[in-house]
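Notes follow once the structure below has been shown.
The values are calculated or read from the model by the stated rules, or taken from the named source; none is laboratory data. Predicted model, so just to flag it, every value in this text is computed and none were measured. Every residue, glycine among them, receives a Cβ derived from its backbone with ideal geometry; neighbour counts consider all protein chains shown. With ligands, DNA and RNA removed, areas are computed over all heavy atoms of the protein, side chains included. Shrake-Rupley method; radii C 1.70, N 1.55, O 1.52, S 1.80 Å.
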Amino acid sequence: MASAQATAPPVVTAVRPHRSRTVPAWVWALPPVAVLGLVFLYPLGLVVQESLAPGAYAEVLASASFRDALVTTVWLAVGATVGCLVLGFVLALIVAFVPFPGAKAVSRFIDVFLSFPSFLITLALLFVYGTVGMANGMWTGVTGAAEGPFHFLTTPWGVLLAEITYFTPFVMRPLLAAFSQLDTAQLEVASSLGARPARIVRKVILPEALPALAAGGSLVLVMCLNEFGIVLFTGAKGVTTLPMLVYSRAILESDYAAACVVAVVNVALSVGLYAVYRVVSKRAGA
């Protein structure tokens, strides 16, 4: 009789659940926070600390030079922003809706132009309209005069022209993006109903462009408020903005407490305007 061999039941080995050792999220946040604190927050803290010298704020805020620099900074920033909005809107309309050869190339050049440093545009204007620039050279060559008539670059109007020239593409870029999403059927319907181009722009295009105009204008206002290179390279006499006042107090006069006070005021204005820019951009969907 064959003996049956009992089959042993399989042995089940208990497997311990693997405990994944995940790193807490706050640990990953430490390196960027440390770098940010070392590179930005620590120097900013030193500036604020230096500005708290006894009597520094009272002395600087009561000085005529600070008030003049504040007024100059504000009116230049506002004037340049208005000029950029008007010029940028007109140029964006032409590029987007007026068919001409090279329109796409111009649109791409605007993207490249945004990467140019501000002093490069100022140097270009100096080569054209400077005291020994091309315009004055042509004038003296034709008339035989001792000097040319173009001397506006060394005035506040020269600074304003340079800022409008440089910052206009920052308004055109969001406008062109907004125009690309505009339904052309609305334009065709308005045109078929007999609406003139000016009325189409005012009633159809402008309402769609207002968010982009607000976002671009807010950005230009913030950038003009902190512009330093254009004012320095134009060599405009009597034009002292807040960044220029920081430079003169710190570098030329070695009055670091006063320079830090002006810098803190400038930073406060910039942060406030940047907050407005973020709100406007969020509402515009940027």
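Put simply, of Leu176, Leu153, Leu210, Leu193 the only residue that is farther than 27 Å from Phe113 by Cβ and of a type outside the set (S, T, N, Q) is Leu193. Only a single criterion out of (1) over 17 Å from Glu163 (Cβ atoms); (2) crowded, with 22+ Cβ neighbours inside 10 Å; (3) within 14 Å of the chain's Cα centre (by Cα) is not satisfied by Cys224, namely (1).
Here is a yes/no grid of residues against (1) hydroxyl-bearing (Ser, Thr, Tyr); (2) on the phi > 0 side of the Ramachandran plot:
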position: Gly55; (1), (2): no, yes
position: Leu61; (1), (2): no, no
position: Gly102; (1), (2): no, yes
position: Ser107; (1), (2): yes, no
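Quick check: anything in segment 111-122 open to solvent by 60 Å² or more (accessible area, probe 1.4 Å) and over 17 Å from the mean Cα position of the chain (by Cα)? Scanning segment 111-122 turns up no residue that is open to solvent by 60 Å² or more (accessible area, probe 1.4 Å) and over 17 Å from the mean Cα position of the chain (by Cα). Of the helices (runs of 4 or more DSSP H) lying entirely inside segment 156-209, those carrying at least 2 residues that are within 30 Å of Lys237 (Cα to Cα) and not hydrophobic (A, V, I, L, M, F, W, C) are 156-180.
Considering segment 248-261, and only residues there that are in a helix (DSSP H, G or I) and open to solvent by 60 Å² or more (accessible area, probe 1.4 Å), the residue that is nearest to Leu46 (Cα to Cα) turns out to be Tyr256.
Scanning segment 64-110 for residues that are free of Cβ contacts under 8 Å to residues at least 24 places away in the same chain, of a type in the set (D, E, K, R) and surrounded by 14 or more Cβ atoms within 10 Å (Cβ to Cβ) yields no hits at all.
Among the conditions (1) over 27 Å from Tyr129 (Cα atoms); (2) hydrophobic (A, V, I, L, M, F, W, C); (3) crowded, with 19+ Cβ neighbours inside 10 Å; (4) at pLDDT below 85, the only one that Ala178 does not satisfy is (4).
Every condition in (1) of a type in the set (A, V, I, L, M, F, W, C); (2) farther than 28 Å from Pro43 by Cβ; (3) open to solvent by less than 60 Å² (accessible area, probe 1.4 Å) is met by Val264 except one, and the failing one is (2). Looking at segment 126-139, is at least one residue crowded, with 16+ Cβ neighbours inside 10 Å, hydrophobic (A, V, I, L, M, F, W, C), farther than 16 Å from Phe179 by Cβ and in contact (Cβ under 8 Å) with a residue 40 or more places away in the chain? Checking segment 126-139: at least one residue is crowded, with 16+ Cβ neighbours inside 10 Å, hydrophobic (A, V, I, L, M, F, W, C), farther than 16 Å from Phe179 by Cβ and in contact (Cβ under 8 Å) with a residue 40 or more places away in the chain.
Let's see how each residue does on (1) in contact (Cβ under 8 Å) with a residue 60 or more places away in the chain; (2) in contact with a helix residue (DSSP H, G or I) (Cβ under 8 Å, 6 or more places away or on another chain); (3) farther than 24 Å from Val60 by Cα:
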position: Ala195; (1), (2), (3): no, yes, yes
position: Arg202; (1), (2), (3): no, no, yes
position: Cys224; (1), (2), (3): yes, yes, no
position: Leu242; (1), (2), (3): yes, yes, no
position: Arg249; (1), (2), (3): no, yes, no
position: Tyr256; (1), (2), (3): yes, yes, no
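Residues in segment 225-247 that are of a type outside the set (Val, Ile, Thr) and assigned to a loop (DSSP other than H, G, I, E, B): Asn226, Glu227, Phe228, Gly235, Ala236, Lys237, Gly238. Among the candidates Glu147, Glu163, the residue that is modelled with pLDDT of 85 or more, closer than 30 Å to Val231 by Cβ and either acidic (Asp, Glu) or surrounded by fewer than 19 Cβ atoms within 10 Å (Cβ to Cβ) (or both) is uniquely Glu163.
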